[in-house]
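Reviewing the structure listed below.
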Amino acid sequence: MDKRYQPDKETDIYKLWEKKRAFTPIVPANPTEAKKKHKPFTIILPPPNANDPLHAGHALYVVEDIMIRFHRMLGDPTLWLPGTDHAGIETQFVFEKHLTQKGKSRFDYDRQTLFQMIANYVNKNRGIAVKQMKRLGFSLDWTRERFTLDPAHTKRIFAVFKKMYQDGLIYRDEQIVNYCTHCGTAFSNLEVIHKQVNSHLWYFKYPLIDNPKEFIEVATTRPETMLGDTAVAIHPKDPRYQKYKGKKILLPIINKEIPIIFDKMIDPDFGTGAVKVTPAHSPEDFQMAKTHHLNIINIINFDGKFNNKAPKKYRGFYATQVRKMVIEDMDKLGFLSKVEDYSHQVGHCYRCHNPIEPLLTPQLFVKIKPLADKAVEAVKQKKTKFFPQRFQKNFFQWMDKIRDWPISRQIIWGHRIPIWYNLDERDDFLISFVDDNKKLISSYWLDIKKKYDFDTVKKGLQSIIAPAKANYYLSEKDALKHGPLVLQETDTFDTWFSSAQWPYSTLGWQADGQHSPDFEYFYPTTVLDTMWDILFFWVARMIMIGIYATGQVPFEIAHMHSRVNDLHGKKMSKSKGNVIEPIKIAEEFGADALRMALVYGVAPASDIALSTDKIRAQRNFVNKIWNASRFVNIIIDRFQQNHPNLLVNLPSSFSELRNLTKHPDDLEIIADLEKVIKSTTKNLKTYRFGQASEDLYQFFWHQFCDSYIEKTKDKGVDVIPVLVFVLINSLKLLHPFIPFVTESIYQNFKQTFAFKEGLLATSSWPKTS
RNA sequence: GGUUGUUUAGCUCAGUUGGUUAGAGCGCAUCGUUCACAUCGAUGAGGUCAGAGGUUCGAAUCCUCUAACAACCACCA
């Protein structure tokens, strides 16, 4: 044995596990019956981005690996199913950056071509994450690896989409959505970050039609939207404005009559108590427009520029530019009465950090309330439990005020939504395509069809925006019944709509009920482990859709872990330069050291401060284990030199061992071992990995090495049975945490002892009695 | 505005159901390498457990309040 533990042997150990198929469970012939007798332990890996290397957060998969290895050793049928994520918008965003560097943009290509380009790019990088997960020792069953764009997965999410449609849970509607004009797509509320912004409150005077000398003052943070105002709103009980009931007002610049409306939504204490109403660019105003039947004028395009509904001089300018122009113009007209400093929350895109533009656009929604109700019920019935429990409260709170979920995204790297439109039915589809000269054409079908034939449009298609009222069909065949000119929706599903279905889809759920044996055996899965930041994005939605599709919760335990921070507890980021790359660490200190450092002394769901100091300390621990084993080896060698024909007998149980010795030192370490077996087993069952690792560290280093081994040094070879027994059992206890070094030592000892079990990874968990 | 979390040794953090002199790693000081490991061993310094009040025979741990910090949720112009 080497004097020091060499982590470079870790890859060979992993190959050994793979060769022996140590991580592939056997599914019995009758899974439904078999699982009643012995319940499998199942985790579906939260799929990492397929084309990105792992970051420190991913290294926390170690928590799942600990659970998996523990249950495998307990003898449970154990499955940890791996997969990778196409990571829709993230990946497209990165790819577009590459395009920009080449002086190109996504608008230079038709949809099909661009999709293929991204696919090629991802395929080139795929495998990095997989290789790295192996390097970190994760005992995933690679025979079951999945990808979120697998045709089988696509087929399943489409089937569920269709079922939802048939159940009336899917609708297309024109609503105010969070639109990022830079990313060119709509987002759900969760993808909007609210930032405190120091701005101003502008007070505008709108003159009354009856008496142009009389004004109503409105206060606004967004002056530019006044070009789309269609009313002024006041709280119905506001005494200051009672006299204006039924009156009309003049919208300056536009010079148009607009009504004064009264609505409870208005807070009389804000500004002047009178508020301008811009239905197309504010969710509240849109709401009011519906109740009061106001006009809705959309003045901002998807690219963020003002359109031809705005007066000529503002057209083609961005909101920030128009804001300046409007303020200046209102001031010149004498309608700007005052400006106050004002600090308020403004929604920003989580991706590119630009302000979100609330825009009126048709999107596809999921009616979420019926799904949420069932999910809440299931959690109340403890069918899914949260750990730590406090996250359950977060879950309930969010579910309580959940709103319908917009699931269409205006990006192309994802699952193209399976609905079709018929262009024979109407000509107000807004279509963008590249023509034969690679020129981008963007207009209504009404105009396009005069100059281009349908096939050219279809071939070069980039996007189609169907009016909210347009018919849509769930299959191309159905759409073709109404005429030959059929185009598929160009939007894709929100990545989370597909991820929400990951647990049952990866296990082979089938829409027709002919599920695979895997599904029958392993579903519902046991634990879902992830960081709390995607509790709503993912965990809640998996529960909702899982119950909807399969009638069962997707997992029994939602286990939340925390973020891996740097040594000062600060969030890692490339710009701060404090990023720790797990693979580099594994190469320098060994994967085991990194794994141990990630769980040692960490309380459930509390932030993790990771430092090279901490990793080094654990590397030393790994080396300590290695050297203790080396010592035991040396003692055994000595024994064998003197007794070449005698085999070392390894006691198989505590009682057998106790029959061999009555020495108080021996009895003490034996009792301590029993204690740590009990505590570790209990801690692992209750997800206290930090405590478990600390106890083991303490036991092995201080009780076993510092105390017991030191005492054995003046004794003869009689101590061998105790020494070996304690060592092997310690290796087993430590194996879920540090699988490489423990397996490596075990394989070394195999030459000395005739172990029944070929691999430590599939050996049995220590028993105390 | 609502919610949750954090506050323990110089640094980063443990401390499950309240129970003897409050723990670890790193760092620091002194000593020690023939005899598994200097990626080591021995010894030691260092904390009024954020503050105040309460419950209790007993509180870092339970309750109330206060302060600082952090995070999440939220269609207030």
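The values are calculated or read from the model by the stated rules, or taken from the named source; none is laboratory data. The shown structure was predicted, so the numbers you read here are calculated from the model rather than taken from an experiment. Methodologically, a virtual Cβ is constructed for each residue, glycine included, from the backbone with ideal geometry; neighbour enumeration extends over all protein chains shown.
If the condition is being among the polar types (S, T, N, Q) and free of Cβ contacts under 8 Å to residues at least 40 places away in the same chain, then the range A:659-704 contributes A:ASN659, A:SER679, A:ASN683, A:THR686, A:GLN691, A:GLN698, A:GLN703. Whenever a residue of the range A:600-613 is within 18 Å of A:PHE391 (Cα to Cα) and at pLDDT below 90, its partners that are among the charged types (D, E, K, R) and near RNA strand B (Cβ under 6 Å from one of its atoms), lying with C-beta atoms within less than 9 angstrom and at least six residues away or across chains, give the pairs A:ALA605/A:ARG390.
So which residues in the range A:188-200 are hydrophobic (A, V, I, L, M, F, W, C) and more than 8 Å from RNA strand B (Cβ to nearest atom), if there are any at all?
Scanning the range A:188-200 gives a single hit, A:VAL197.
Scan the range A:29-53 for residues that are crowded, with 23+ Cβ neighbours inside 10 Å and among the aliphatic types (A, V, I, L, M) and jot them down.
Here is the first cut: in the range A:29-53, the residues crowded, with 23+ Cβ neighbours inside 10 Å are A:42-45, A:48, A:51.
A:ILE43, A:ILE44, A:LEU45 - these are the residues of the range A:29-53 that are crowded, with 23+ Cβ neighbours inside 10 Å and among the aliphatic types (A, V, I, L, M).
Could you tell me which of the residues A:ASP141, A:ASP110 is at pLDDT below 95, charged (D, E, K, R), buried (at least 16 other Cβ atoms within 10 Å of the Cβ) and in contact with a strand residue (DSSP E or B) (Cβ under 7 Å, 6 or more places away or on another chain)? Step through it out loud before you land on a result.
Working: A:ASP141 fails: at pLDDT below 95.
Just a single option satisfies the conditions, and that option is A:ASP110.
Can you confirm whether A:GLY137 is small (Gly, Ala, Ser), free of Cβ contacts under 8 Å to residues at least 12 places away in the same chain and at positive phi? Spelling it out, it is not the case that A:GLY137 is small (Gly, Ala, Ser), free of Cβ contacts under 8 Å to residues at least 12 places away in the same chain and at positive phi.
Against the definition (more than 16 Å from RNA strand B (Cβ to nearest atom) and under 29 Å from the mean Cα position of the chain (by Cα)), how does A:ILE608 come out, yes or no? Write out each step before concluding.
Numbers: more than 16 Å from RNA strand B (Cβ to nearest atom): no; under 29 Å from the mean Cα position of the chain (by Cα): yes.
Taking the combined requirement at face value, the residue does not satisfy it.
Name the residue that is farthest from the chain's Cα centre (by Cα), counting only residues in the range A:404-443 that are of a type in the set (Ser, Thr, Tyr) and farther than 14 Å from A:LEU487 by Cα. Give the steps one after another, and end with the answer.
If we filter the range A:404-443 for residues that are of a type in the set (Ser, Thr, Tyr), which is where we start, we get A:408, A:421, A:432, A:442-443.
When the remaining residues are screened for being farther than 14 Å from A:LEU487 by Cα, the result is A:408, A:442-443.
Numbers: A:SER408: 17, A:SER442: 34, A:SER443: 36 Å.
If we take residues in the range A:404-443 being of a type in the set (Ser, Thr, Tyr) and farther than 14 Å from A:LEU487 by Cα, then A:SER443 is farthest from the chain's Cα centre (by Cα).
For the range A:273-379, the strands (runs of 3 or more DSSP E) that sit wholly inside it and include 3 or more residues that are more than 30 Å from A:PHE429 (Cα to Cα) are A:274-277, A:336-349. Assessment of the range A:9-19 against the conditions (closer than 30 Å to A:ILE636 by Cα, surrounded by 11 or more Cβ atoms within 10 Å (Cβ to Cβ), of a type outside the set (S, T, N, Q) and within 16 Å of RNA strand B (Cβ to nearest atom)) yields at least one matching residue. The residues on offer are A:ILE407, A:ILE417, A:ILE368, and the sole one that is under 29 Å from A:PHE147 (Cβ atoms) and away from RNA strand B (no atom under 16 Å from the Cβ) is A:ILE417. Restricting the first member to the range A:224-250 and to residues that are free of Cβ contacts under 8 Å to residues at least 60 places away in the same chain and within 16 Å of A:ASP269 (Cα to Cα), and the second to residues that are away from RNA strand B (no atom under 12 Å from the Cβ) and not in a strand (DSSP E or B), the beta-carbon pairs closer than 6 Å and six or more apart or on different chains are A:ILE234/A:TYR241.
For the range A:499-539, a residue qualifies if it is crowded, with 19+ Cβ neighbours inside 10 Å, within 11 Å of the chain's Cα centre (by Cα) and more than 15 Å from A:HIS561 (Cα to Cα), and the qualifying residues are A:SER499, A:ALA500. Filtered by the rule that a residue be touching a Pro at 6+ places or on another chain (Cβ under 9 Å) and either more than 16 Å from RNA strand B (Cβ to nearest atom) or free of Cβ contacts under 8 Å to residues at least 12 places away in the same chain (or both), the range A:378-395 gives A:LYS383, A:THR384. Within the range A:92-104, residues that are without any contact (Cβ under 8 Å) to a residue 24 or more places away in the chain reach partners that are crowded, with 18+ Cβ neighbours inside 10 Å and assigned to a helix (DSSP H, G or I) with beta carbons closer than 8 Å, at six or more positions or on different chains, in the pairs A:GLU96/A:ARG106; A:LEU99/A:ARG106.
So, in the range A:710-719, of the ones that are outside any loop (DSSP other than H, G, I, E, B) and surrounded by fewer than 20 Cβ atoms within 10 Å (Cβ to Cβ), which residue ends up nearest to the chain's Cα centre (by Cα)?
Residues of the range A:710-719 that are outside any loop (DSSP other than H, G, I, E, B), as a first pass: A:710-712, A:717-719.
With the extra rule that they be surrounded by fewer than 20 Cβ atoms within 10 Å (Cβ to Cβ), the set shrinks to A:710-711, A:717-718.
Numbers: A:GLU710: 50, A:LYS711: 52, A:VAL717: 56, A:ASP718: 56 Å.
Only one residue tops the list, namely A:GLU710.
Could you pull out the residue among A:PHE302, A:PHE317 that is within 29 Å of A:ARG106 (Cα to Cα), modelled with pLDDT of 90 or more and within 40 Å of the chain's Cα centre (by Cα)? Don't jump to the end; show me each part of the working.
Values: A:PHE302 fails: modelled with pLDDT of 90 or more.
Criteria check complete, one pass: A:PHE317.
Each residue in the range A:207-220 was checked for being assigned to a strand (DSSP E or B), out of contact with any helix residue (DSSP H, G or I) (no Cβ under 9 Å at 6 or more places or on another chain) and more than 13 Å from RNA strand B (Cβ to nearest atom), and 2 of them qualify.
When you look at A:ASP695, is it near RNA strand B (Cβ under 10 Å from one of its atoms), within 23 Å of A:ARG69 (Cβ to Cβ) and not small (Gly, Ala, Ser), yes or no? Yes: the conditions hold for A:ASP695.
All of (1) in contact with a strand residue (DSSP E or B) (Cβ under 9 Å, 6 or more places away or on another chain); (2) buried (at least 17 other Cβ atoms within 10 Å of the Cβ); (3) small (Gly, Ala, Ser) hold for A:GLY483 with one exception: (2). Out of A:THR221, A:THR181, one residue alone is buried (at least 21 other Cβ atoms within 10 Å of the Cβ) and touching a Phe, Trp or Tyr at 6+ places or on another chain (Cβ under 9 Å). It is A:THR181.
The rows are residues; the columns are (1) at pLDDT below 95; (2) out of contact with any helix residue (DSSP H, G or I) (no Cβ under 6 Å at 6 or more places or on another chain); (3) part of a loop (DSSP other than H, G, I, E, B); (4) under 12 Å from A:THR526 (Cβ atoms).
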residue: A:THR42; (1), (2), (3), (4): no, no, no, yes
residue: A:PRO53; (1), (2), (3), (4): yes, no, yes, no
residue: A:ASP65; (1), (2), (3), (4): no, yes, no, no
residue: A:ASP76; (1), (2), (3), (4): no, yes, yes, yes
residue: A:GLU90; (1), (2), (3), (4): yes, yes, no, no
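For the range A:576-597, check the following and say yes or no: at least one residue is more than 8 Å from RNA strand B (Cβ to nearest atom), touching a strand residue (DSSP E or B) at 6+ places or on another chain (Cβ under 7 Å) and at pLDDT below 95. No; the residues of the range A:576-597 include none that is more than 8 Å from RNA strand B (Cβ to nearest atom), touching a strand residue (DSSP E or B) at 6+ places or on another chain (Cβ under 7 Å) and at pLDDT below 95.
Can A:ILE26 be described as away from RNA strand B (no atom under 16 Å from the Cβ), aliphatic (A, V, I, L, M) and surrounded by fewer than 15 Cβ atoms within 10 Å (Cβ to Cβ)? Yes, satisfied.
Among the candidates A:PHE396, A:PHE454, which residue alone is under 34 Å from the mean Cα position of the chain (by Cα) and either modelled with pLDDT of 90 or more or farther than 24 Å from A:ALA186 by Cβ (or both)?
On the way: A:PHE454 fails: under 34 Å from the mean Cα position of the chain (by Cα).
Going through A:PHE396, A:PHE454 in turn, just one is under 34 Å from the mean Cα position of the chain (by Cα) and either modelled with pLDDT of 90 or more or farther than 24 Å from A:ALA186 by Cβ (or both): A:PHE396.
Applying a threshold of 8 Å to beta carbon distances and a minimum spacing of six or more residues, or different chains, the list of pairs starting in the range A:355-377 at a residue that is touching a residue at least 24 places away in the same chain (Cβ under 8 Å) and ending at one that is β-branched (Val, Ile, Thr) and part of a helix (DSSP H, G or I) reads A:LEU371/A:ILE545; A:LEU371/A:ILE547; A:LYS374/A:ILE547; A:ALA375/A:ILE543; A:ALA375/A:ILE547. For the range A:565-575, residues that are among the basic types (Lys, Arg), within 12 Å of RNA strand B (Cβ to nearest atom) and more than 27 Å from A:MET67 (Cβ to Cβ) total 1.
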